[in-house]
Amino acid sequence: TKPVLPRRYHRLREVLNRRQKDLTVLLEDVHKPHNFSAIIRTCDAVGVFAAHGVYQHGDVPAFSETAKGSQKWVNIQTHSDLKTAVNDLKNQGFTLYATHLSENAIDYRTPDYTQPSCILFGAEKWGVSEEAVNLVDYNIYIPMFGMVESLNVSVAAAVILFEAQRQRLAAGYYEQSRLDPETYHRTLFRWAYP
Ligand code: SAM
């Protein structure tokens, strides 16, 4: 193993210090490599520690150039099916928000994302499934006033994750590490010696 230069080590720690274990996404059949990659890159920027995916209609997408290597810094966890994924996340204390326009959907700025939050995004073609809508706690939407009825999924993910970042910045969540020591040291070692 090559030694890690002090500057590199410092940088790894700086990034790790801002990682948020209690902010995540669940991607439901988001299968286009560039969308998947763009979302993971945004997760890295916002400080998402781990991202989740369910691929019941096709394979887990490969990463494209768009990811810019962010897949090395965000843990990607895939689940066999949606129900298992949602139950796992609920058991970990996450509130689940599906990005889905329905009668009782709330504006994406309403929730308190300083609490453990998981945002579920739907497939490019058919959106969030009925099953997902029934399993989550809330539906949220980004208001739109154009002719086209939806945003690209990676754009929607960026808008919502940066609202979560805004709230978490205001709450001081990026000022010192919020990871438990074991996760912190295990991750730092994995990042330093991939
Ligand atoms: N035809 C699909 C439908 O009817 O739902 C459109 C899916 S849209 C292209 C893909 C995903 O982007 C959605 O499942 C959702 O996760 C997200 N998305 C798009 N526009 C959104 C908005 N205005 N608010 C929240 N999420 C949005």
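The values are calculated or read from the model by the stated rules, or taken from the named source; none is laboratory data. From a predicted model like this one, the values you see are computed outputs, not experimental measurements. Neighbour counts are summed over all protein chains in view; Cβ atoms, including those assigned to glycine, are modelled from backbone coordinates with ideal geometry.
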Restricting attention to the range 94-145, the residues that are more than 9 Å from the ligand (Cβ to nearest atom) and either touching a Lys or Arg at 6+ places or on another chain (Cβ under 8 Å) or over 21 Å from D81 (Cβ atoms) (or both) number exactly 19
Picking from H57, H10, H52, H31, the residue that is over 17 Å from the mean Cα position of the chain (by Cα) and either part of a loop (DSSP other than H, G, I, E, B) or surrounded by 13 or more Cβ atoms within 10 Å (Cβ to Cβ) (or both) would be H57
Within the range 148-190, the residues that are surrounded by fewer than 17 Cβ atoms within 10 Å (Cβ to Cβ) and closer than 19 Å to L26 by Cβ are S150, L151, N152, V155, V159, F162
Those residues of the range 73-109 that are modelled with pLDDT under 95 and either of a type in the set (G, A, S) or within 18 Å of C43 (Cβ to Cβ) (or both) come to a total of 2
